[in-house]
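Encoded as structure tokens, the structure appears first; notes follow it.
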Amino acid sequence: MASVLLSAKGIKIRFGGVVAADGIDLDVLEGENLAIIGPNGAGKTTFLNISTGYLRPQAGSISFLGQEITAQLPRTITKLGIARAFQIPQLFLDQTVMENMLIAAASRLGSPSGFTALSALPELPEMERLLDLVGVKSYASRKARELPEGQRKLVDIALALALKPRLLLMDEPTSGVASAEKLEIMDILTSALAKEKVTSVFVEHDMDMVERYAHRVAVWNVGKIQKVGTPAEVLADPKVREQVIGI
Amino acid sequence: MSGRIKPVTAVAIIFFLVSAVAPLFVSSWATLFALILAKGIVVLGIILLLQAGQVSFGHAMFFATGAYTAAFWGKYVGGGDIVLFIALGGITSAVFGLIVGLFVVRYREIFFGMLNLAFSMVLWSLLEKMFHYTNGADGIRVPRPALLGLSFTPETFQYVILYVSLLAAVVAFYGVQRYLESPLGHMLRAIKSNETRLEYLGTSARRVLLIGYMISAFLGGIGGALVAIIQQIATPEFGFWTKSGEFVFIAILGGSAHAFGAFAGAAMFECVRFYAAAHLADTWQLILGVVLIVIILYAPNGLIGLRQRYGQAKQGGH
């Protein structure tokens, strides 16, 4: 059996009257692609925010590779090997795609230089390879601002991969992407993840995507995990079909 | 990047050459150019912070720190050397920058600007009120220092300080250029566009800004020490908020997209002041005000942005 990478136990958080996490227990296994599904407001993004240190849970704990990471700073957690891709791509818009990537590489290496040029980093070919892997190499010398949304999303994921994470958390990797391109992007993405041996957790609304690309699915509902299982098991559950998928 | 020299670098080289040669023909230009270069060094610091999207309305505190370091040395230790003054001015300012920086880098935009202003006004008050040590508003005279042990007559000295300023300016310009192209410099720019992402890459934005802030303070100190030597005095006015405003003004005038903007702006500013003050006495500020309005309306990227704008217009015409 695969080892546990990330483990959440009894996570609770509420914002005023809204319960966003009400005792979340979840193990993410090494090497899997775990999909998180659930209606809007169920607390899916909140879970990602807690896992990356952006939010501090009111109760419960979260550990990564056996190390307690509850309420650590995002940058500390990043250094441990958890990278994040955002629902709305978070790029350095005034810099080129390659510069974005090299900033990530310099961040990972630590103690960045103030004198030698960014473009002289030995990581450049590796960053080129990653851009190629997610299919946006042709945009390398363009300002991030000039890219269409779908491409920005891919660069956002490439930035996360540049950190050489063990675990990648993605918030709706295909939202804002035209449905015709969704499959293509997810194909690129999952093969890239497999190649880089990165475990992933992704929030997704599109059940076709979940069925195709997830190894396991966790169903969120009002701050609780309603069901965890293989896509086939979960999608066959009448309660999940009724409450989450709406059929 | 190709090995071709960018137009703005070419203009910078021409500017530095002119500053070296022109004062040989018109001796009153020696001091004018020395002042332009010294202030340009301070404004480089403002331009650094602008890369991170932050405007300091209190940067004159570092300018004053550099100037008073030279002045205190003259007053309490005696003698002194240009190289020593510049080095000490820079270092003292950088240390002061570290202390102030630890507080201000927690804030952004208007709060960053205002907190800087507050710190600078505290320093100004101290310089003004601690009469016993600082001579209050009269300031402290800075006797003409030696250079590496050599003393000079006033006539020669104005050229000595010009060339020292030129050397310091060239080194600072080159250093800042390298810094802005480096990983740290790119991270500084990243603070302006997406601080959240920077943190999620594992980098502390505050730390990046603090390093930039210290470098900026260091440059302010060097410029301050130079101006104190050039004008042979340090007064509390060096740290007053209008002085901070002047540096921001020069940065906007010159343009913050490139390190050379600092020198382009300083040249324009000091030349207008030099000539308008001679011909229009008390109304030179009016001229500068009009110049700034014209710049903001017609060249929002400053003097160095003009070429780009003009170049684009020409391209469109073809």
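Values in this text are rule-based calculations from the coordinates and carry no lab data. All figures in this text were calculated on a predicted structure; none of them were measured in a lab. Backbone-built Cβ (ideal geometry, glycine too); neighbour counts: all protein chains shown.
Quick one: plug the Kirkwood hydrodynamic radius of the protein assembly as shown (C-alpha pairs) into Stokes-Einstein at 10 °C, 1.306 mPa s, and report D in µm²/s. If you can, show how the numbers build up before the last one.
On the way: Rh = 26.4 Å.
Once the numbers are plugged in, D ends up at 60 µm²/s.
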In sequence order, calculated HN-Hα J values of the range A:205-221 (Karplus, 6.51, -1.76, 1.60; Hz; x Gly/Pro): 9, 8, 5, 4, 5, 4, 4, 6, 10, 8, 8, 9, 10, 10, 9, 8, 8
A:213, B:174, B:76, B:200 arranged by Cβ crowding within 10 Å, fewest neighbours leading: B:76, B:174, A:213, B:200
Eligible lysines near residue A:79 by straight Cα distance, threshold 17 Å, same-chain separation 8 or greater: A:164
For residue B:233, distant residues with modelled amide H under 5 Å away: B:142
Interchain or long-range residues, amide H under 5 Å from residue A:36's placed H: A:202, A:203, A:204, A:218
Value of D in µm² per second that Stokes-Einstein yields for chain B, Kirkwood Rh from Cα pairs, at 10 °C (1.306 mPa s): 80
Computed over the range A:1-67: relative contact order in percent, which uses C-alpha pairs under 8 Å that are six or more apart: 43
DSSP-loop trypsin sites (Lys or Arg not before Pro) across the range B:61-125, with at most 14 other Cβ within 10 angstrom: B:106
Placed amide H near residue A:227: partners under 5 Å, 5+ positions off or other chain: A:219
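Peptide A:104-110: average number of partner chain Cβ atoms within 10 Å per residue?
Values: counts 6, 2, 7, 12, 3, 2, 2.
Partner Cβ neighbours, averaged per residue: 5.
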Per-residue mean of C-beta atoms belonging to partner chains within 10 Å, peptide A:18-31: 0
Simple label model, 7 Å out from Cα along Cβ direction - residue B:102 to residue B:25, nm: 5.3
Value of relative contact order over chain A, rounded to a whole percent, pairs C-alpha under 8 Å and six or more apart: 27
Long-range lysine pairs (8 or more apart or interchain), chain B, Cα under 19 Å: 4
The range A:103-241 - percent relative contact order, Cα under 8 Å, separation 6 or more: 17
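Tell me, what is the Rg over Rh of the range B:244-305, with Rh the Kirkwood radius over Cα pairs?
Details: Rg = 11.2 Å, Rh = 11.4 Å.
Here the Rg-to-Rh quotient is 0.98.
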Reachable lysines from residue A:44, criterion Cα separation under 22 angstrom, eight or more residues apart if same chain: A:9, A:12, A:153, A:182, A:224, A:227, A:239
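Counting other beta carbons within 10 Å of each Cβ, put A:220, B:73 in order, fewest first.
Taking fewest neighbouring Cβ atoms as first place, the list is B:73, A:220.
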Average other protein chain Cβ within 10 Å of Cβ, residues A:84-91: 3
Within straight-line cross-link reach of residue A:143, aspartates and glutamates at Cα separation under 14 Å, skipping those fewer than 8 residues along the same chain: A:94, A:99, A:156
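If you take the beta carbon distance between residue A:237 and residue A:14 as r and set R0 to 30 Å, what does 1/(1 + (r/R0)^6) give as a FRET efficiency, to the nearest 0.05?
Values: r = 27 Å, r/R0 = 0.89.
Computed FRET efficiency for residue A:237 and residue A:14 comes out at 0.65.
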Cβ-based exposure ranking for B:243, A:153, A:239, in which fewest neighbours within 10 Å come first: A:239, B:243, A:153
Per-residue ³J(HN,Hα) for the range B:233-244, Karplus 6.51 cos²θ - 1.76 cosθ + 1.60, θ = phi - 60°, Hz, x for Gly and Pro: 7, 10, 10, x, 4, 4, x, 6, 5, 5, 5, 4
